[in-house]
Structures are given as C-alpha cells and as structure tokens.
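Contents: one structure, followed by commentary.
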Amino acid sequence: MRIGVLALQGNVSEHVNATKKAASALGLECNVIEVRTKRDLKGVIGLIIPGGESTTLQKLCEREGLFEEIEKVPNIFGTCAGAIMLAKKIHKKESDQRTLELMDIEVDRNGYGRQVQSFEKNVETKFGKVRAFFIRAPRIKSIGKGVSIIANNNGETIACQQIINDKTNDKKFHFYLATCFHPELSTTKFHEEFLRVCSGAHLYC
Amino acid sequence: MSNEIGTFNIKSGLAKMLKGGVIMDVTNAEQAIIAQKAGAVAVMALERVPADIRAQGGVARMSDPQKIKEIQSSVTIPVMAKCRIGHFVEAQLLEALEVDFIDESEVLTPADPTLHVDKKNFTVPFVCGARNLGEALRRINEGAAMIRSKGEAGTGNIIEAIRHIRAINDEIFSLKNLSSEKLVSLAKDYRVPVTLMEETAKLGRLTVVNFAAGGIATPADAALCMQLGVDGVFVGSGIFKSSNPAKMAKAMVDAVAHFNDPKKLVEASVGLGDAMPGLEISLLETKLSERGI
C-alpha cells in the first residue's frame with residue numbers, strides 16, 4: 001500500500017522513518033512516498049501531515065492545488081501543524097489562513113505559548129505510555145460528537161480520532177487521527193495504528 | 001508526570017519543525033508580515049540587514065527590544081533574534097523577551113574573544129554558524145540545537161556558504177573510514193567529546209538540523225544549498241535588498257519546497273526583478289565568517 005508523507009515543509013524524515021518502522025513491525029508491505037505535488041498523491045491510501053509551520057504548509061498546499069486532492073485521501077494522520085490542517089475550526093487564524101476542515105475539532109494555534117513554554121512529559125495514551133513533545137503546540141479546545149479521545153493531559157484532549165463512514169455511499173469512508181504532540185519523535189505506536197486502519201481501508205475504496 | 005521545559009529534545013525539536021523552510025531577516029513589522037504571507041517558517045528580527053551592517057561598519061549589537069516586541073506582535077510564526085558571540089547577557093535579554101530561537105551570530109560584532117555563550121544554561125534554543133565540522137561540533141557541544149553555514153553574510157555571494165556546506169559534508173564522510181585511534185585524536189583537535197564524533201559518523205550527518213546561510217540571493221542559490229543536503233535556508237539581505245521583496249520571498253519559499261524540481265524552480269524564478277547587488281569576496285575588508293571559530 002502507498003502511504004504519503006506531505007513533504008513540502010516540516011519534520012518529514014522523522015515521519016518517513018517512523019512509518020517504515022511501523023510497517024515492518026506489523027509485517028505490512030508499505031511504499032512510503034514524499035508528497036509535494038498532486039501527481040505524488042496518486043494511489044495514496046493514507047497521508048501523514050507532519051509538524052512544521054501551519055501557515056507555510058497551508059500556503060504551499062494551496063499553491064500546488066493540493067487541498068481538493070488531499071480531501072479525497074481516505075486516511076489522514078496529522079501531528080501538531082498537521083492537526084491544525086485537519087481542524088474544522090482554528091483560533092489565532094491568520095486572515096489568509098485556510099485549513100482542510102475535515103475533522104470535527106476546534107484547535108488553538110500555539111495554545112501553550114511561545115517556544116520557552118514548550119515542554120515534554122510522559123502521557124498515558126490508548127497505546128500505552130509515551131514520551132510526548134509539545135513544541136509550540138496547538139491545543140484542542142473542543143471535539144465533536146463523532147471524535148474519540150486517544151490521549152488526555154490534565155483533562156485536555158491531546159490526541160483523538162474520527163471515523164466518518166457514510167454507508168449510503170461506500171466511497172465515503174474516512175479516518176482522521178490528530179495529535180498535538182510529536183509521536184514520530186519517540187514512538188511508532190501511532191503510526192502502527194494508522195497503518196492498521198489504512199490496510200483495512202482497502203476494503204472500502 | 002511534570003512538564004519539562006528547555007530540554008535538548010524540545011530545543012532541537014523546534015529546529016526539526018523548521019526543516020524544508022525559509023527563515024527571513026526582517027527589520028520591522030511590515031517586513032515580518034510580508035515574510036509570513038510569503039510562507040516563511042520563521043523571521044529573524046534585526047535592526048539592520050547584514051548588507052547594511054557591512055556597509056555602515058561600526059559595532060553591531062543586539063536589536064532594540066522594542067523592535068523585537070513589535071515584530072513578535074505582528075506575526076504568529078516563530079521569531080528569532082541575534083546576540084553577539086559570547087554575549088550571554090544579550091542572550092538573557094532575548095530569552096526574557098521570549099524569542100523562539102537565538103542566533104549567536106558572527107554578523108554582529110563579537111563580545112568575547114575566546115568563548116561562546118554556554119547555551120545549555122538556557123531554555124530558549126540557539127542556532128550557531130559554522131565553516132567546518134570542528135566549528136559545528138564545538139557549537140553543538142556548547143548546546144546549540146541547530147547549525148547553519150556562516151557563508152559570507154550581506155554579500156549576495158553564495159560561494160562561501162557552498163564552501164562551508166561542502167566542508168562539513170566532506171569531513172563527515174571522511175569520519176566513516178577513520179580508525180578509533182584517529183577518531184580520538186581528531187576529537188582532541190576539534191576539542192569535542194569522542195562520543196559526539198562517533199554519533200556524527202554513525203548518522204552520516206550532524207546530530208542537529210543544519211541550514212544554509214550567508215549570501216543566498218536567488219531561488220536557485222537556495223535550491224543549490226538544498227541539493228547539497230542542508231535542511232533549510234536562512235535568507236538575510238537577499239529578500240529586502242531585492243527590487244521586489246514580496247515576490248522574492250515567495251519565490252525562495254517555493255524554491256526550497258521544490259528544490260529538486262527544475263521546472264518548479266523556473267516558475268519560481270520568473271519575473272522577480274533585480275536580486276540584491278553582490279560583492280566579490282576577495283575585495284571585502286571584513287570577513288564575518290572568520291569571527292567566533
């Protein structure tokens with residue numbers, strides 16, 4: 001299966017490596033593609049949007065006409081800036097900023113403050129304890145009905161997922177996974193979950 | 001399970017998030033907004049761009065805090081600022097201002113003839129310039145979370161940045177075939193721990209993010225550095241000393257994102273007007289890259 005990592009800007013190589021490791025841990029055959037143009041998205045069943053600068057990612061995607069194409073990808077995993085890109089609603093939005101508006105979450109950009117407030121800590125997640133790095137991280141302010149929580153920090157959602165399965169139209173299966181922190185820097189557990197869903201999603205497409 | 005701030009992972013982590021991006025020198029809020037609109041991943045808040053520092057001479061120091069605050073309040077992307085080499089009090093001021101990254105920079109007049117800032121003592125991450133592997137490893141050992149080539153700032157001449165990028169690449173490549181005795185002896189020459197040398201040799205690259213800086217004047221210059229393996233670029237005078245800064249800024253961002261795609265590079269390079277005027281290195285009175293080795 002083809003898994004894309006949006007490679008216009010951000011910590012791309014860390015996600016490429018984590019995806020390859022996760023695939024080999026699961027024994028899945030997985031072709032990891034760096035996505036910079038529409039052409040690169042062809043046949044991609046799951047896309048990872050890395051951490052980076054959300055305003056930069058958005059502009060580069062827009063200039064490439066990638067928004068409409070990314071919306072068609074059945075499975076998307078966004079970390080940090082990637083989570084901002086997935087969100088239906090964002091706070092501290094720049095006047096010319098646009099997101100994919102795919103996932104029913106409300107996100108505050110740089111919700112913890114500037115870099116000197118960035119931090120790391122151990123957090124409990126659905127996939128066990130992980131070392132979580134919050135780097136100028138966004139904060140998830142609220143989640144919609146269909147969104148389930150994967151990890152909490154002091155009562156705040158820091159990782160969540162949403163499955164959209166419209167049975168009236170079998171092409172409309174979508175799986176979205178968002179984290180405020182950077183699992184790609186410390187674990188492959190989130191990538192494994194993403195690949196597991198992607199491999200099953202073949203059935204729906 | 002308490003929050004740990006200012007760890008090396010958190011500092012080097014921000015540098016990783018800047019990869020594939022362009023960091024632009026700006027001297028006021030208006031320029032910072034132009035940079036952000038163009039897609040810069042961060043801005044460097046300065047009083048004067050390097051070309052003006054070079055032309056005006058005299059002692060160049062940290063920017064007026066008011067200037068930095070003005071730029072911080074105008075954009076949401078990270079704001080960096082420069083301190084003089086070894087001037088740890090300027091660094092303390094910048095940390096108190098909550099800039100997102102400090103550039104301990106040879107573009108400003110050095111404050112300490114022998115020592116750099118002890119960067120491990122700070123919560124805010126530092127980037128430092130380097131001309132070769134020894135300089136890069138010394139800075140990393142002092143706690144730098146990011147390295148950039150020194151190049152020759154304010155010249156619009158890419159040759160020195162290329163010299164530095166290639167030197168670091170070649171020296172890392174040659175580490176691979178060194179016996180452990182030679183590695184120990186080289187670590188002594190470089191004045192860094194052998195473990196840092198071993199880790200660098202194993203990775204085949206620096207242990208932190210490495211950007212190009214110093215003399216980048218066109219989108220093709222930026223893509224040249226990227227194709228030589230750097231993780232991103234700093235553009236100093238190259239944007240706001242060009243005839244159309246907004247266009248040049250966008251072109252730099254596009255060129256770095258698509259550095260391996262000549263057709264995209266053509267699109268980025270069309271109709272930009274004049275690049276900044278360039279200077280011949282051999283005619284320079286002051287070589288900034290020789291500061292702080």
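Structure above, values below:
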read-out: In segment A:128-150, the residues that are within 13 Å of A:Ser186 (Cβ to Cβ) and either of a type in the set (A, V, I, L, M) or more than 13 Å from chain B (Cβ to nearest Cβ) (or both); value: A:Gly128, A:Val130, A:Ala132, A:Ile135
read-out: Of the criteria (1) within 14 Å of another protein chain (Cβ to nearest Cβ); (2) farther than 18 Å from B:Lys247 by Cβ; (3) touching a residue at least 12 places away in the same chain (Cβ under 8 Å), which one B:Pro65 fails; value: (1)
read-out: Hits in segment A:106-129 (condition: part of a loop (DSSP other than H, G, I, E, B) and either of a type outside the set (A, V, I, L, M, F, W, C) or in contact with a Leu (Cβ under 7 Å, 6 or more places away or on another chain) (or both)); value: A:Arg109, A:Asn110, A:Gly111, A:Tyr112, A:Gly113, A:Arg114, A:Ser118, A:Lys126
read-out: Complete set of residues in segment B:252-263 that are of a type in the set (Gly, Ala, Ser) and away from chain A (no Cβ under 11 Å); value: B:Ala255
read-out: The one condition in (1) assigned to a loop (DSSP other than H, G, I, E, B); (2) within 13 Å of another protein chain (Cβ to nearest Cβ); (3) surrounded by fewer than 22 Cβ atoms within 10 Å (Cβ to Cβ) that B:Gly58 fails to fulfil; value: (2)
read-out: Per-region count, segment B:35-55, residues within 28 Å of B:Lys287 (Cβ to Cβ), among the aliphatic types (A, V, I, L, M) and assigned to a helix (DSSP H, G or I); value: 4
read-out: Considering residues of segment A:61-120 that are facing chain B (nearest Cβ under 10 Å) and of a type in the set (Phe, Trp, Tyr) only, the residue nearest to A:Glu14 (Cα to Cα); value: A:Phe119
read-out: Subset tally (residues that are under 18 Å from A:Leu60 (Cβ atoms), touching a helix residue (DSSP H, G or I) at 6+ places or on another chain (Cβ under 8 Å) and part of a helix (DSSP H, G or I)) for segment B:244-293; value: 16
read-out: From the options B:Val107, B:Val124, residue that is farther than 23 Å from B:Pro193 by Cβ, in contact with a helix residue (DSSP H, G or I) (Cβ under 6 Å, 6 or more places away or on another chain) and within 14 Å of another protein chain (Cβ to nearest Cβ); value: B:Val124
read-out: Test for A:Lys38: is it surrounded by fewer than 21 Cβ atoms within 10 Å (Cβ to Cβ), more than 14 Å from chain B (Cβ to nearest Cβ) and basic (Lys, Arg); value: no
read-out: Options B:Ala268, B:Ala217: the member that is farther than 19 Å from B:Gln31 by Cβ and surrounded by 24 or more Cβ atoms within 10 Å (Cβ to Cβ); value: B:Ala268
read-out: Tally of residues being among the aliphatic types (A, V, I, L, M) and out of contact with any strand residue (DSSP E or B) (no Cβ under 9 Å at 6 or more places or on another chain) across segment B:81-119; value: 2
read-out: Candidates B:Ser242, B:Ser282, B:Ser289, filtered to the one that is without any contact (Cβ under 8 Å) to a residue 40 or more places away in the chain, away from chain A (no Cβ under 14 Å), surrounded by 16 or more Cβ atoms within 10 Å (Cβ to Cβ) and of a type outside the set (A, V, I, L, M, F, W, C); value: B:Ser242
read-out: Residue pairs meeting the criteria (Cβ under 8 Å; at least 6 apart or on separate chains; first more than 14 Å from B:Ile281 (Cβ to Cβ), in segment B:136-160; second part of a helix (DSSP H, G or I) and modelled with pLDDT under 95); value: B:Gly143/B:Asn121
read-out: Residue among A:Gly4, A:Gly43, A:Gly51 that alone is touching a Cys at 6+ places or on another chain (Cβ under 6 Å) and either touching a residue at least 40 places away in the same chain (Cβ under 8 Å) or crowded, with 20+ Cβ neighbours inside 10 Å (or both); value: A:Gly51
read-out: Residue in segment B:80-89 that is within 12 Å of B:Met24 (Cβ to Cβ) and either within 12 Å of chain A (Cβ to nearest Cβ) or free of Cβ contacts under 8 Å to residues at least 60 places away in the same chain (or both) present; value: yes
read-out: Criterion: in a helix (DSSP H, G or I) and within 22 Å of B:Pro110 (Cβ to Cβ) - qualifying residue of B:Lys82, B:Lys67, B:Lys16; value: B:Lys67
read-out: Subset of segment B:3-45 (residues that are crowded, with 24+ Cβ neighbours inside 10 Å, within 7 Å of chain A (Cβ to nearest Cβ), under 23 Å from B:Ile216 (Cα atoms) and over 15 Å from the mean Cα position of the chain (by Cα)); value: B:Gln36, B:Gly39
read-out: Selection from segment A:163-184 of residues that are buried (at least 21 other Cβ atoms within 10 Å of the Cβ) and either under 16 Å from A:Gly144 (Cα atoms) or among the hydrophobic types (A, V, I, L, M, F, W, C) (or both); value: A:Phe175, A:Tyr176, A:Leu177, A:Ala178, A:Thr179, A:Cys180, A:Phe181
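Rundown of residues vs (1) in a strand (DSSP E or B); (2) in contact with a strand residue (DSSP E or B) (Cβ under 8 Å, 6 or more places away or on another chain); (3) at pLDDT 95 or above, yes/no style:
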site: A:Arg131; (1), (2), (3): yes, yes, yes
site: A:Ile140; (1), (2), (3): yes, yes, yes
site: A:Ala151; (1), (2), (3): yes, yes, yes
site: A:Thr157; (1), (2), (3): yes, yes, yes
site: A:Gln162; (1), (2), (3): yes, yes, yes
site: A:Lys167; (1), (2), (3): no, no, no
site: A:Thr187; (1), (2), (3): no, yes, yes
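The values are calculated or read from the model by the stated rules, or taken from the named source; none is laboratory data. Keep in mind that this is a model prediction, so the values were computed, not measured. Don't worry about glycine lacking a Cβ; one is built from the backbone with ideal geometry, like all the others, and counts go over all protein chains shown.
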